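The values are calculated or read from the model by the stated rules, or taken from the named source; none is laboratory data. These numbers come from a predicted model, not from an experiment. No Cβ is skipped: glycine too gets one built from the backbone with ideal geometry, and neighbour counts run over all protein chains shown.
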Amino acid sequence: MDTTGTLFMPPQHSTFAGQVDSLFYFILYASTVFFAIVVFGMIFFAVRYRRGRKQPVEAGPSHNTALEIIWTIIPTVLVVIVFFWGFKLFLKMNVPPKDAIEIKVTGQKWFWSFDYPNGASTVNELDVPVGKPVKLLMSSRDVIHGFFIPDFRIKMDVVPNRYTITWFEATQTGTFNLFCTQYCGKGHSEMIAKVKVMGEREYEDWLVSGTKAGEGMSLADFGAKLYVSKACATCHNVDGTANVGPSFKGIFEHQVKLSDGSSVMVDENYIRESILDPQAKIVAGYQPVMPTFQGVLNDREVDALTAYIKTLK
Amino acid sequence: MEAVPERSYLNEPKGWKSWVFTLDHKRIGLMYLFSIMASFLLGGIFALLIRLELLHIGGKHIMGAETYNQVFTLHGAIMIFLFIIPSIPAALGNFVLPQMLGAKDVAFPRLNLASFYIYVFGAFFAVYSMMSNAADTGWTFYTPYSTTTNTAVISMTLGVFILGFSSIFTGLNFIVTVHKLRLPGMTWYKMPLFVWGLYATAIIQVLATPVLGITLILLILERLFGIGIFDPAMGGDPILYQHFFWFYSHPAVYIMILPGMAIISELIPVFAHRKIFGYKAIAYSSLAIAFVSFLVWGHHMFVSGQSQYAAMIFSFLTFVVAIPSGIKVFNWLATLYKGSISFATPMLYAFSFLFLFTIGGLTGMFLGALATDVHLHDTYFVVAHFHYVMMGGTVMAFLGGLHYWWPKMWGRMYNEFWGKVSAVLVFLGFNITFFTQFILGAKGMPRRYYNYLDQYQPLHAYSTYGSWILALGFIIMAVYLIHSIFKGKKASGNPWGGLTLEWTNSSPPPPENFIETPVLKYGPYDYDKLPAEKLNS
Ligand SMILES: [Cu+2]
């Protein structure tokens, strides 16, 4: 277990975290008091009034208006406090400040992609500056997903054909987990991304270089990097074993059987088509679940992935 | 103490046909009992498989991700639709309710039998789904996942649709029975609280279940014909499905817990030999819960994208519905005061219930409060919370009731020593399994994960060890209960000193329940009218 958080909660890395935790611990302490009253009362009565005891049994009361009013009023007051506290904070968590950086989040089976204001994009890594509000405009390409960053205490469902919004302001640089929390099938528990919080300067530099990724690398090396960073790895292995999709090992210049019974030779064009229009030809024995990367990968990136697949003999 | 009866509902009439076509509510109750226990066993095995897979990180220990998704779906669907919902009303309620009212049977015995066979028929579809290519949607069947996955969603939802009718028929039967078949002189306020609880439950069953039926039919039509009601590409709305679903399924939480509370309201006064504290408060809080439970469904959807103002209202009403449950807990506690408290097995379950249900209810506050729910929603915290309510609450109460009425059902006692051992093991195992999950969830562990990050491993391991203790407790229970049917000590008509009418006949009761029309000598909890010596032994 990570030891940096409190007993129950994970570490606090956003401006909300401390506020949510205050409410959490308030409820926890109040509940503990109630729980203690019930359990100690129960144990005390059970022992004190156990059957067969020496003292004679006298009939206890079956009513006590004062007592009944008290044990209705006190919990009522308490829950009203908790309600208002929770609601006020919730509103704050739902209204992003005007000057927030806006990042587009797309969830699909089973990875996250992020589009930044200057045109840069990433997969399974959300890059943000520290100390600046960030607004997330989110939607899904297939089923409902859930966007959850425990260390920031934010969560929002990501729904097809509609936008949902959440925001946060990170208080510390570092790398944090981002989970999918709405069950979405086989890869649900692999749909984990990283949130990378950087210093402001570092973030500006990253934004600029983000659009020029892969420079100074061989095409195949760049492809190997994209294979992981663009989440091909969640569905494709490179060691010859099948995952959700077929392995890339040794497919180049080999025949592959398609679901309609025909076969096709794997060449550059077939790979390109598989990436940009995956439903066009379905490999036999697999489900047509590969998402299209049209608009996610640029030409250079498709070239790089193709070059990489060619190296996997 | 009357002698063991020669003729009882168990041996008269004879022959398998007399069981299969029986109209006797007691026999139907028993047949339900066997069916739900079989379901409980199946659902329990799935639960153990889930915990075993999660013992270590990495997955692929005993099953793959797709199988895992099917297994947790089956676990949830079986436990909820085939076990908990019918458990107390259809099995124990069927057996006890008419006896408590001094009636010969329920109002519509044929409908009662039909309800049982509809249950079997619905279960058949669910099992068919399991055998073919089990649904992998989770028991909530959220769209668009459920409309696009290639597993057997239709047979599962059709099964649940059919089971709904069984539930409606039972509820309808109980409502009419309570109104029409009470013994003359048994006014509403002289009814046992178990009857009040089942009555409130029946109202929800009759009013809410049709909505689930309609929702599931829409889901099936969507899958078969693509009608588009939940499909955003055709102008439909997947969130609408969630509204429909929870409009039933939140009240359904109370279909599950109200009967549990109702049993506790019997056990505590009987085993404390003490008049119940606040009879009317308990009775009316059941009705209040039943009513408000229809208005809180949106608290399952605080982060679904519904409007913040809707969320506010749902959050507020959620806190409103918490109050009557709290009042009940205080009433039960006050009933112990100056009682004469026995530690017989059913009472151990009542103590377990008080302990666990209080945790279940209080942790609901974290989820009802909007800001904390954002963090906790869809994590193990929610899993732990509803297991404390459903298993720590309803199942503990069910087990308490089962042990309480067991001698009435069979005319035999189970072994008290093993009963206590198993009650303690179940209590310990339950807490080890599920308390750890509160911490897991608060630390951020999402639910329905086949694999997880290394930092969560120790707590997952404790949870799995706990499930083994729990299993051991249940195995012991199965052994001594089955043993007692054949070899148990003979039980008297009223082994616990209960004052409700089912304890005035013999154990097991005659087919017609009462040979002579019973007389209401005492109100259900009039222990204050008994001589004091009688109370302390
Ligand atoms: Cu997801």
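Here's the yes/no breakdown for (1) touching a Pro at 6+ places or on another chain (Cβ under 6 Å); (2) within 10 Å of another protein chain (Cβ to nearest Cβ):
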site	(1), (2)
B:M365	no, yes
B:V389	no, no
B:V395	no, no
B:F434	no, no
B:L440	no, yes
B:G444	yes, yes
B:Y449	no, yes
B:Y456	no, yes
Within the range A:173-205, restricting to residues that are more than 7 Å from every other protein chain (Cβ to nearest Cβ) and assigned to a loop (DSSP other than H, G, I, E, B), the one that is surrounded by the fewest Cβ atoms within 10 Å (Cβ to Cβ) is A:G199
Which of the residues spanning the range B:174-185 are over 12 Å from B:T201 (Cβ atoms) and assigned to a helix (DSSP H, G or I)? B:V176, B:T177, B:H179, B:K180
Those residues of the range A:1-24 which are more than 7 Å from chain B (Cβ to nearest Cβ), surrounded by 15 or more Cβ atoms within 10 Å (Cβ to Cβ) and part of a helix (DSSP H, G or I) amount to A:T15, A:F16, A:A17, A:Q19, A:D21
Starting from residues that are more than 14 Å from chain A (Cβ to nearest Cβ) and within 30 Å of A:N177 (Cβ to Cβ), keep the ones in the range B:416-432 and report whichever is surrounded by the fewest Cβ atoms within 10 Å (Cβ to Cβ). B:I432
Wholly enclosed helices (runs of 4 or more DSSP H) of the range B:367-482 bearing at least 1 residues farther than 28 Å from B:H300 by Cβ and basic (K, R): B:396-410, B:416-442
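Are there any strands (runs of 3 or more DSSP E) wholly within the range A:83-149 with 2 or more residues that are within 14 Å of another protein chain (Cβ to nearest Cβ) and within 15 Å of the ligand (Cβ to nearest atom), and if so which? Please lay out each step first, then the result.
Values: elements: A:101-108, A:111-115, A:121-123, A:125-129, A:133-140, A:145-149.
Here the list reads A:101-108, A:133-140, A:145-149.
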Counting just the residues of the range A:167-189 that are over 15 Å from the mean Cα position of the chain (by Cα) and of a type in the set (S, T, N, Q), which one comes out farthest from B:A371 (Cα to Cα)? A:T173
Name the pairs: first residue in the range B:250-275 and more than 18 Å from B:I88 (Cα to Cα), second residue basic (K, R) and not in a helix (DSSP H, G or I), Cβ to Cβ under 8 Å, at least 6 apart or on different chains? B:P269/B:K275; B:H273/A:R51; B:R274/B:K338
Cβ-Cβ under 7 Å, sequence separation 6+ or interchain: first residue in the range B:79-107 and part of a loop (DSSP other than H, G, I, E, B), partner among the β-branched types (V, I, T). Which pairs? B:A103/B:T177; B:V106/B:T177; B:A107/B:V176; B:A107/B:T177
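Each row is one residue, and each column tells you yes or no for (1) modelled with pLDDT of 85 or more; (2) touching a helix residue (DSSP H, G or I) at 6+ places or on another chain (Cβ under 8 Å).
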residue: A:K194; (1), (2): yes, no
residue: A:V197; (1), (2): yes, no
residue: A:G216; (1), (2): no, no
residue: A:A233; (1), (2): yes, yes
residue: A:D239; (1), (2): yes, no
residue: A:F248; (1), (2): yes, yes
Against the condition surrounded by fewer than 21 Cβ atoms within 10 Å (Cβ to Cβ) and touching a residue at least 24 places away in the same chain (Cβ under 8 Å), how does B:L399 come out, does it pass? no
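State which residue is farthest from the ligand (Cβ to nearest atom) when the search covers only the range A:206-241 and only residues that are within 14 Å of chain B (Cβ to nearest Cβ) and in contact (Cβ under 8 Å) with a residue 24 or more places away in the chain. Walk me through how you get there before you give the answer.
Residues of the range A:206-241 within 14 Å of chain B (Cβ to nearest Cβ): A:234-235, A:237, A:241.
If we keep only those that are in contact (Cβ under 8 Å) with a residue 24 or more places away in the chain as well, we get A:234-235.
Values: A:T234: 12, A:C235: 14 Å.
Ranking the candidates gives A:C235 first.
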Taking into account only those residues within the range A:62-95 that are farther than 23 Å from B:F314 by Cβ and touching a Phe, Trp or Tyr at 6+ places or on another chain (Cβ under 7 Å), which is surrounded by the fewest Cβ atoms within 10 Å (Cβ to Cβ)? A:S62
Under 30 Å from B:F277 (Cα atoms), within 38 Å of the chain's Cα centre (by Cα) and facing chain B (nearest Cβ under 7 Å): does that describe A:F35? yes
Scan B:Y68, B:Y117, B:Y128 and give me the residue that is among the aromatic types (F, W, Y) and crowded, with 24+ Cβ neighbours inside 10 Å. B:Y68
Every residue in the range A:238-271 that is among the aliphatic types (A, V, I, L, M) and part of a loop (DSSP other than H, G, I, E, B), please. A:V238, A:A242, A:V244, A:I251, A:V266
Of everything in the range B:280-334, what is polar (S, T, N, Q) and either assigned to a loop (DSSP other than H, G, I, E, B) or within 12 Å of chain A (Cβ to nearest Cβ) (or both)? Give them in sequence order. B:S285, B:S304, B:Q306, B:S307, B:Q308, B:S315, B:T318, B:S325, B:N331
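Criterion first (within 30 Å of B:L481 (Cβ to Cβ), within 21 Å of the chain's Cα centre (by Cα), at pLDDT 95 or above and aromatic (F, W, Y)) does B:F381 satisfy it? Steps first, answer last, please.
On the way: within 30 Å of B:L481 (Cβ to Cβ): no; within 21 Å of the chain's Cα centre (by Cα): yes; at pLDDT 95 or above: yes; aromatic (F, W, Y): yes.
Judged against the criteria, B:F381 is not a match.
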Can you work out which of the residues in the range A:150-172 that are within 16 Å of the ligand (Cβ to nearest atom) and among the hydroxyl-bearing types (S, T, Y) is farthest from the other protein chains (Cβ to nearest Cβ)? A:T166
In the range A:173-193, residue nearest to A:I144 (Cα to Cα) [restricted to those that are more than 16 Å from the ligand (Cβ to nearest atom) and in contact (Cβ under 8 Å) with a residue 24 or more places away in the chain]: A:F176
